[in-house]
Protein chains: 2
Amino acid sequence: MTLKNDIFIKTLLKQPVDRTPIWMMRQAGRYLPEYRKIREQAGSFMDLCTQPELACEVTLQPLERFDFDAAILFSDILTIPDAMGLGLYFSEGEGPKFRNPVRTESDIKKLSVPDPEIELSYVMDAVRLIRKNLQERVPLIGFSGSPWTLATYMVEGGSSKNFRHVKGLMYEQPALMHQMLDKLAQSVSAYLNAQIAAGAQTVMLFDTWGGMLSTEDYLEFSLRYAQQIRESLNTNRDGQTIPTILFTKGGGQWLEAMADIGYDALGLDWQTDINLARARVGDKVALQGNLDPIALYAEPDVIRQKVKTILEKFGEGSGHVFNLGHGILPDVNPEHVKVMVDAVHEFSLAHHNV
Amino acid sequence: MTLKNDIFIKTLLKQPVDRTPIWMMRQAGRYLPEYRKIREQAGSFMDLCTQPELACEVTLQPLERFDFDAAILFSDILTIPDAMGLGLYFSEGEGPKFRNPVRTESDIKKLSVPDPEIELSYVMDAVRLIRKNLQERVPLIGFSGSPWTLATYMVEGGSSKNFRHVKGLMYEQPALMHQMLDKLAQSVSAYLNAQIAAGAQTVMLFDTWGGMLSTEDYLEFSLRYAQQIRESLNTNRDGQTIPTILFTKGGGQWLEAMADIGYDALGLDWQTDINLARARVGDKVALQGNLDPIALYAEPDVIRQKVKTILEKFGEGSGHVFNLGHGILPDVNPEHVKVMVDAVHEFSLAHHNV
């Protein structure tokens with residue numbers, strides 16, 4: 001059986017398509033009343049992630065409402081450290097936290113690479129169930145947090161403003177930091193390969209906090225491990241290419257370096273001009289993005305104009321996946337998402353000559 | 001009487017000097033025990049800003065400890081909106097807030113440009129007193145928040161994570177937003193010119209939140225007003241040039257545009273590579289920055305190495321003012337600041353051939 005809608009995959013591979021595909025970071029999420037209902041029934045956020053039937057249900061919810069060209073696995077970027085025994089939980093209003101943060105050399109030495117089909121089997125079960133229920137409507141995106149981003153939460157014990165502890169480790173014990181990042185890169189590689197084996201048709205690496213690093217630290221402590229992961233990925237399954245996407249929030253200055261390590265596409269935050277970005281990366285990669293998530297609060301006319309501008313900035317031909325520059329916010333009106341999706345459909349036809 | 005140490009001014013103007021000058025954003029601040037003592041006596045943070053004797057005292061404190069090459073007026077970036085009647089106050093742990101945020105068209109129409117020598121006379125008195133007490137040891141930097149940055153606080157009512165309200169205004173009522181920004185630009189111009197008239201020897205515009213905008217919005221809603229201000233500044237006083245500095249945190253992608261509007265120097269955040277930045281802006285501007293403030297938590301050897309690397313990255317010749325990439329954090333050990341200052345003194349000699 002083949003995909004009924006493969007324009008997302010084709011675009012990532014820069015093959016001709018007749019319009020610009022669209023999906024949305026956090027498209028399965030709190031802005032949808034049907035999501036909030038399941039979330040309430042499930043108990044905690046992690047209860048929702050760890051029950052494949054529920055994860056599947058919320059993954060598919062946005063596709064019932066909107067003509068998105070891809071589904072993304074409902075999960076969290078911090079499943080790997082949780083599987084390493086750090087005890088992930090979500091405290092009200094404060095985001096993710098770990099009961100057992102990593103601080104000492106002995107904490108790092110003790111970390112072991114989880115077997116995705118054992119400690120993270122709930123994710124693989126969700127991938128398999130989603131693929132089955134998707135019935136080839138659109139492709140499924142698997143994902144993971146990047147090693148650097150995982151390390152920030154693991155060392156800080158949760159979200160952070162200044163990244164004092166993780167940067168302290170990086171500055172003062174770089175060899176130890178590299179040991180930790182190497183274990184994380186191995187874990188992410190195994191995790192994404194297991195998602196691919198279970199049925200993910202694209203994988204995306206979220207480097208949410210790479211943008212907090214200096215250029216040289218980004219290259220050494222974040223991008224290097226994104227490359228290690230890329231080199232370990234099995235991106236061929238039964239003759240089909242599994243495209244790969246790298247997204248560093250705040251990484252607009254580093255696109256050239258990011259385009260050089262083998263990913264098929266780069267995610268762009270909203271600060272980066274997609275026209276200039278395309279000129280900088282040339283034909284090396286496709287680009288995904290990059291509407292300011294806050295624009296979805298605006299009136300429909302404004303949203304339509306913003307969508308049109310981004311499509312025009314990217315310009316002619318394949319290689320652009322429309323998306324937000326970061327995740328949708330919890331209290332956006334779902335009708336506004338529909339306006340964005342319709343605008344991408346309407347305005348992007350003119351930029352494709354197939 | 002002439003300045004005893006003018007290497008900061010000369011460097012901003014790219015004139016030859018024998019070493020790299022250094023000062024530090026928030027150098028008069030909570031990391032200093034002598035500051036905390038005065039702060040406690042003063043009452044609130046604003047009480048400290050509004051009493052010229054106290055503002056003068058804390059401005060001079062860091063110069064007693066460290067060989068900084070410039071003093072910076074102790075004040076807040078939000079004095080202008082406070083003078084406009086918005087009622088600035090500081091709530092414990094939540095940063096600055098306004099009692100009367102600006103939300104409606106009528107709120108914006110009512111805003112009037114403060115007369116700096118009336119509503120902001122406490123700032124001008126502080127500038128005069130500091131100049132007197134500095135006795136020409138080093139130059140005094142005056143400053144203001146940028147119109148866009150002021151507008152974010154004025155519309156949001158305080159600090160913000162997503163800038164939903166101010167961006168909503170910008171997206172949906174751009175003409176009204178421009179009215180507000182124009183009034184702010186007029187106010188900032190008058191304020192900085194008054195600081196110059198009172199004795200400031202350099203002025204710096206802090207665009208703390210410009211980096212939250214898309215490229216096109218940054219150019220239209222932030223940089224445009226930085227340019228309007230620059231064109232209104234009286235940068236000649238008694239035959240002396242008053243150099244100007246523009247700092248947009250998160251603005252590393254826009255350095256070329258920033259270098260084109262007449263400022264003598266650009267501030268760099270720590271994410272931007274100063275070597276690449278220099279190549280991009282060429283001879284148009286000097287550069288100021290850009291050690292990660294978190295590096296000051298590290299051990300002395302690490303700090304020294306980081307300083308050395310930044311100096312080497314900038315390379316030969318004048319045009320580099322050493323600084324952090326953002327303000328120093330409140331709990332840094334002052335001894336570590338000394339390590340940084342000494343390292344700049346020691347390592348920068350080799351990069352100057354005077």
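Label position 7 Å from Cα toward Cβ: report the copy-to-copy distances for B:E117 in nm, one decimal, ordered from shortest.
From this label point to the equivalent ones elsewhere in the assembly: 8.2 nm.
Mind listing the phi-derived Karplus ³J(HN,Hα) values for the range A:175-191, rounded to whole Hz, using 6.51, -1.76 and 1.60 with θ = phi - 60°, and x for any glycine or proline?
Once θ is set to phi - 60°, the couplings for the range A:175-191 become 5, 5, 4, 5, 4, 5, 5, 5, 4, 5, 5, 4, 5, 5, 4, 4, 5 Hz.
Within straight cross-link reach of B:K14, meaning Cα distance under 21 Å, which lysines are found once same-chain residues fewer than 8 apart are removed?
By straight Cα distance, B:K14 reaches B:K4, B:K284, B:K308, B:K313.
Restricting to DSSP loop positions (anything but H, G, I, E, B) with no more than 16 other Cβ atoms inside 10 Å of their own Cβ, which GluC sites (Glu not before Pro) remain in the range A:66-139?
Sites meeting the loop and neighbour criteria: A:E92, A:E94, A:E117, A:E136.
To check you understand DSSP bridge types, tell me what percent of the beta bridges within the protein assembly as shown (both residues inside) are antiparallel, rounded to 5.
The answer is about 25 percent antiparallel.
List, in order, the whole-Hz ³J(HN,Hα) value for each residue of the range B:83-92 obtained from phi through the Karplus relation with A = 6.51, B = -1.76, C = 1.60 and θ = phi - 60°; use x for Gly and Pro.
Whole-Hz 3J(HN,Hα) from phi for the range B:83-92: 5, 7, x, 7, x, 6, 8, 10, 9, 3.
Along the range A:12-19, what does the Karplus equation 6.51 cos²θ - 1.76 cosθ + 1.60 (θ = phi - 60°) give for ³J(HN,Hα), rounded to whole Hz, x for Gly and Pro?
4, 8, 6, 8, x, 9, 9, 7
Going 7 Å from the Cα of B:L3 along its beta-carbon direction, which residues of the range B:177-214 have the amide nitrogen within less than 13 Å of the resulting point?
B:200-204
Using modelled backbone amide H atoms (1.01 Å from N, in-plane), which distant-in-sequence or interchain residues come within less than 5 Å of B:H320's amide H?
Amide H to amide H, under 5 Å and 5 or more residues apart or across chains, B:H320 pairs with B:L287.
How far is helix B:300-314 tilted, in degrees, relative to the longest principal axis of the Cα atoms in chain B, given as a value from 0 to 90 rounded to the nearest 10?
Once rounded, the angle reads 80 degrees.
Mind pulling the per residue volume of the convex hull built on the Cα atoms of the range A:111-260? Å³ is fine.
Spelled out: Cα convex hull of the range A:111-260, divided by residues, is 121 Å³.
Given an 8 Å cut-off on Cα distances and at least 6 residues of separation, report the relative contact order of the range B:110-253 as a percent.
31
With everything on Cα atoms, drop me the angle between helix B:52-65 and the longest principal axis of chain B, reported from 0 to 90° to the nearest 10.
30
List the residues whose amide H sits under 5 Å from the amide H of B:I242, counting only those 5 or more places along or on another chain, with H placed 1.01 Å from N in the peptide plane.
Those qualifying (amide H under 5 Å, at least 5 residues apart or on another chain) are B:N236, B:R237.
Given a 10 angstrom Cα cut-off, can you work out which residue in A:S146, A:S318, A:S232 is the most mobile in a GNM of chain A?
Maximum among the listed residues: A:S232.
Using alpha carbons only, how many degrees (0 to 90, rounded to 10) separate the axis of helix B:334-348 from the longest principal axis of chain B?
Approximately 60 degrees, to the nearest 10.
Is there a quick way to get the dipole size of the range A:237-315? I mean about its Cα centre, with the Cβ of Lys and Arg at +1 and of Asp and Glu at -1; what is the value in debye to the nearest 20?
Computed about the Cα centre, the dipole is about 60 debye.
Which single residue of chain A puts its beta carbon nearest to the axis of rotation relating A to B, and what distance, in whole Å, does that give?
That would be A:Q253, 3.
Might you report the magnitude of the Cβ-based charge dipole of the range B:312-354 about its Cα centre, with Lys and Arg at +1 and Asp and Glu at -1, to the nearest 20 debye?
Dipole magnitude for the range B:312-354 comes out near 100 debye.
Every read-out reported here was derived from the displayed coordinates using simple, explicitly stated rules and does not represent laboratory data. Everything numeric in this text was worked out from a predicted model, so none of it was measured. Neighbour counts are summed over all protein chains in view; Cβ atoms, including those assigned to glycine, are modelled from backbone coordinates with ideal geometry.
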